[in-house]
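The values are calculated or read from the model by the stated rules, or taken from the named source; none is laboratory data. Bear in mind the structure is a predicted one, so any value in this text is a computation, not a measurement. Methodologically, a virtual Cβ is constructed for each residue, glycine included, from the backbone with ideal geometry; neighbour enumeration extends over all protein chains shown. With ligands, DNA and RNA removed, areas are computed over all heavy atoms of the protein, side chains included. Shrake-Rupley method; radii C 1.70, N 1.55, O 1.52, S 1.80 Å.
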Amino acid sequence: MHFNKNSAQNDPPTWTKSRVNITYGPDPPNVGTIIETTRCTLQFSIPANMTPPVLFYYRLTNFYQNHRRYAKSFNNPQLSGQAVSAGSVHSSDCTPLTTVTIDGVEKPYYPCGLAPNSVFNDTFYSPVLLNVPNSEGTTEPNRTYVMQNETNISWASDKELYGESKYNWSDVAVPPNWILRYPNGYSDAYHPDLVSDEQFQVWMRLAGLPTFSKLTQRNDTETMVVGTYSVDIDHSEFLPLSQTSLPLINPNLTLSNRF
């Protein structure tokens, strides 16, 4: 994670780890799946005000989105909204993640391919300013520096590539690394919305080098004032491939960090 304003920090950043429960699935009254995951809390200081826009990126190293097999492992017609048949997906560039047979029926993964399956989905929260000073020389409660992470993240050219899916959700399968988010499969009430998922759109603008940064949230209106901040990051986790054929998540299964 880094910000787009260059300034030396007064103190080196520090971090702690903890285990927390998070819920994957529909909002109430439907019941989601509660999974224990790792939360990293990063504390850092900025010595000068940062005027907007303030951009929040994550950075990956030694991740080869430019590998020739990975870079073509997705299906443009499917991403644009077409209900591409299982047979067409099976013989497409999505290999090796094309289709899966469930109860004797071959179903295409949605979205298919290595690139969509490996989407980076650690959860970044808005930074919180600690020990806020006031004019009376005392401190106020912590104050959140709210960052937007759902809109104005991807480019207009990215958004044009995606359309509302015409699949019946019972006719497609959840990719292996997405099963925690959709433990009971897709439904009309709970399914991917790639048209609005700008985090996914940013991920799918594939990087040309193995070390790269991607925008994940921003604030375009408010100055980030000098001080010490804390930000929480929930790590994405996934099921081993040997367990991804299960129709429902077992809370006793072992999870692994992906990134």
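Write down the Kirkwood hydrodynamic radius of segment 103-184, to one decimal in angstroms, obtained as one divided by the mean of 1/r over all alpha carbon pairs. The partial results should precede the final answer.
Values: mean 1/r = 0.0582 Å⁻¹.
So the Kirkwood estimate lands at 17.2 Å.
Given a Förster distance of 22 angstrom, what is the FRET efficiency for THR38 paired with ASN62, based on the Cβ-Cβ distance and rounded to 0.05?
Numbers: r = 20 Å, r/R0 = 0.92.
E between THR38 and ASN62, to the nearest 0.05, is 0.60.
To the nearest 0.05, what FRET efficiency results for VAL105 and TYR70 with a Förster distance of 22 Å applied to their C-beta separation?
Values: r = 28 Å, r/R0 = 1.28.
Once the sixth-power term is evaluated, E becomes 0.20.
Can you give me the distance in nm between label points at ASN49 and ALA207, each placed 7 Å from the Cα along the Cα-to-Cβ direction?
3.3
Expressed in nm to one decimal, what extension gain is obtained for the pair THR221 and THR95 from 0.36 nm per residue of sequence separation less their Cα-Cα distance?
Values: separation 126, 0.36 × 126 = 45.36 nm, distance 4.35 nm.
In short, 41.0 nm is gained.
Given a 1.4 Å probe and the protein chains all in place, what does the accessible area of LYS159 round to, in Å² to the nearest 10?
It works out to around 80 Å².
For segment 71-196, what is the relative contact order in percent, using Cα pairs closer than 8 Å and at least 6 residues apart in sequence? Show your work: numbers first, answer last.
Working: 178 pairs, mean separation 33.8, N = 126.
Relative contact order of segment 71-196: 27 percent.
Could you do me a favour and compute the accessible area per residue for segment 31-154, 1.4 Å probe, result in Å²? All intermediate terms of the calculation are to be shown ahead of the outcome.
Details: 6310 Å² over 124 residues.
With all protein chains present, segment 31-154 gives 51 Å² per residue.
Carbon and sulfur atoms: what percent of the 1.4 Å accessible area of segment 38-118 do they account for? Don't skip to the end; give the middle numbers.
Numbers: 1840 of 3800 Å².
About 48 percent, which is the carbon plus sulfur part of the accessible surface.
Pull up all non-local amide H partners of MET204: gap of 5 or more, or a different chain, and H-to-H distance under 5 Å with H placed in the peptide plane.
Amide H neighbours of MET204: none.
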